[in-house]
Amino acid sequence: MKWRVNVTVRLKEGLNDPEGRVIGKALRNLGYAVENLRVPKYFEFELESESPEEEVEEMCRRLLANPLIHSWEYRIEPVS
Amino acid sequence: MVRFAVLVFPGTNCDFETEKAIRKAGAEAERVWYRNSLKDFDGVVLPGGFSYADYLRAGAIAARQEIMEEVKEFANEGRPVLGICNGFQILTEAGLLPGALRPNRIPRFLCRWVHLRVADNGTPFTSLYEPGEVIRMPIAHGEGNYYVDDPSRVRIVFQYSDGEGNITEEANPNGSVLNIAAVANERGNVLGTMPHPERASDRFLGSEDGLRLFRGMVEWARK
């Protein structure tokens with residue numbers, strides 16, 4: 001069965017996100033009251049699998065995220 | 001004569017200098033493309049560069065290539081494994097060293113000379129340094145901000161310091177936890193360093209402090 005998968009990987013709470021800090025500052029300089037901007041990574045792909053949850057979880061742990069510094073979440077939908 | 005492999009991935013770019021530094025330190029060195037094998041070598045060095053263009057995270061994709069299984073065997077057998085800059089990033093991503101290397105605190109590429117204090121001269125790589133000695137090497141990285149959740153369990157080898165060996169916030173170029181610049185595994189045979197010893201291996205380059213690291217590694221591999 002084929003699935004459409006969206007994965008979001010973000011730095012764990014409390015870990016400094018330098019890219020987010022710079023972008024947030026740039027937005028503040030433009031006059032917006034932005035705070036705590038973070039830059040997660042977003043992946044989308046199609047997956048042929050009988051156990052998609054298990055495989056996506058494994059993909060996050062093995063490559064898409066670094067479990068020491070990242071958390072992740074995903075959405076899996078059947079491709080119609 | 002002992003032989004070291006200098007492991008080359010797509011995007012590695014410090015392989016020639018590293019090969020030269022190992023030869024100067026008295027061993028054979030050969031550049032090995034990642035699709036080949038590491039058998040018949042006494043140790044392996046993962047040089048600097050931008051493996052797989054640093055896509056995803058620096059070192060992440062190289063760390064999952066098949067040849068890393070052979071690097072893990074080297075590590076488990078107690079043979080020397082040295083990762084320099086991108087090599088350090090690969091070793092942490094592969095789980096051979098603790099911690100992770102995040103983007104620099106100020107998110108830009110840093111390329112300059114730094115002072116380092118030798119925190120641990122008990123590894124095969126650092127046996128020719130005095131404990132507490134201050135040495136000079138260059139850094140060149142965008143993701144060298146070392147993070148580990150429990151630094152007390154890490155074998156810290158070099159720390160960014162000022163010229164007198166003081167570990168200060170100002171001497172920390174990238175935001176690393178405890179100014180950490182290099183760490184080893186518990187056994188000491190796997191070392192990861194963000195500063196480039198091969199770029200400090202000739203007086204012509206401005207320092208020979210890095211050459212002693214290769215000399216220590218070579219002497220130890222000979223035994």
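The values are calculated or read from the model by the stated rules, or taken from the named source; none is laboratory data. Just so it is clear, the structure is predicted and the values come from calculations on it, not from any experiment. Positions of Cβ are backbone-derived with ideal geometry, glycine not excepted, and every protein chain shown enters the neighbour counts. These accessible areas exclude ligands, DNA and RNA; they are computed on the full protein's heavy atoms, side chains included. Shrake-Rupley method; radii C 1.70, N 1.55, O 1.52, S 1.80 Å.
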- Query: Under a Cβ-Cβ cut-off of 13 Å, what is the net charge of the residues other than B:GLY132 that fall near it, where Lys and Arg count +1 and Asp and Glu count -1?
  - Reply: -3
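Hey, what D do you get for the range B:9-123 in µm²/s if you plug the Kirkwood alpha-carbon radius into Stokes-Einstein at 25 °C and 0.890 mPa s?
The calculation lands on 162 µm²/s.
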- Message: Averaged across A:67-77, how many Cβ atoms of other chains sit within 10 Å of each residue's Cβ atom?
- Response: 2
- Using only the alpha carbons, work out the radius of gyration and Dmax of the range A:2-78 in angstrom. 15.5, 49
- Message: What three numbers, in Å, describe the spread of the alpha carbons of chain B along their principal axes, ordered from the longest?
- Response: 44, 36, 34
- Note on the structure: Note, the range B:150-159: 3J(HN,Hα) by Karplus (6.51, -1.76, 1.60, θ = phi - 60°), whole Hz, Gly/Pro = x, goes 10, x, 5, 9, 10, 8, 7, 10, 10, 10
- About the Cα centre of the range B:140-223, what is the dipole size in debye to 20, counting +1 per Lys and Arg Cβ and -1 per Asp and Glu Cβ, all else neutral? 560 debye
- Note on the structure: Percent antiparallel among DSSP beta bridges confined to chain B, rounded to 5, stands at 60 percent
- Item | Coordinate range along principal axes, alpha carbons of the protein assembly as shown, Å, largest first | 63, 48, 33
- Item | J(HN,Hα) series, the range A:38-54, from Karplus relation 6.51 cos²θ - 1.76 cosθ + 1.60, nearest Hz, glycine and proline x | 10, 10, x, 9, 10, 10, 9, 7, 9, 9, 8, 6, 8, 9, x, 4, 4
- Can you list the residues of the range B:130-176 that have at least 10 square angstrom less accessible area with all protein chains present than in their chain by itself, probe 1.4 Å? B:TYR147, B:ASP149
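With a cut-off of at most 10 other beta carbons within 10 Å, and DSSP calling the residue loop, which GluC sites (Glu not before Pro) in the range B:174-213 qualify? Please list them. Mind dumping the intermediate values first?
On the way: sites: B:GLU186, B:GLU198, B:GLU208; in loops: B:GLU186, B:GLU208.
Those satisfying the criteria are B:GLU186.
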- Note on the structure: Here FRET efficiency (C-beta to C-beta, B:ASP40 to A:ALA26, R₀ 51 Å, nearest 0.05) is 0.45
- Place a +1 charge on the Cβ of each Lys and Arg in the range A:2-78 and a -1 charge on the Cβ of each Asp and Glu, then give the dipole magnitude about the Cα centre in debye, rounded to the nearest 20. 640 debye
- Note on the structure: Length-normalised contact order of the range B:1-158, Cα under 8 Å, at least 6 apart, in percent, tallies to 18 percent
- Message: Suppose all protein chains stay in the model; what accessible area per residue would a 1.4 Å probe give for the protein assembly as shown, in Å²?
- Response: 48 Å²
- Query: Applying the Karplus parametrisation 6.51 cos²θ - 1.76 cosθ + 1.60 with θ = phi - 60° to the phi angles of the range A:12-26, what ³J(HN,Hα) value in whole Hz is obtained for each residue in order, glycine and proline being reported as x?
  - Reply: 4, 3, x, 8, 5, 10, x, 5, x, 5, 5, 5, x, 5, 4
- Query: What is the interface area between chains A and B, defined as buried accessible area summed over both chains with a 1.4 Å probe, reported in Å² to the nearest 100?
  - Reply: 1300 Å²
- Would you mind working out the magnitude of the charge dipole of the protein assembly as shown relative to its Cα centre, with +1 at each Lys and Arg C-beta and -1 at each Asp and Glu C-beta, to the nearest 20 Debye? 740 debye
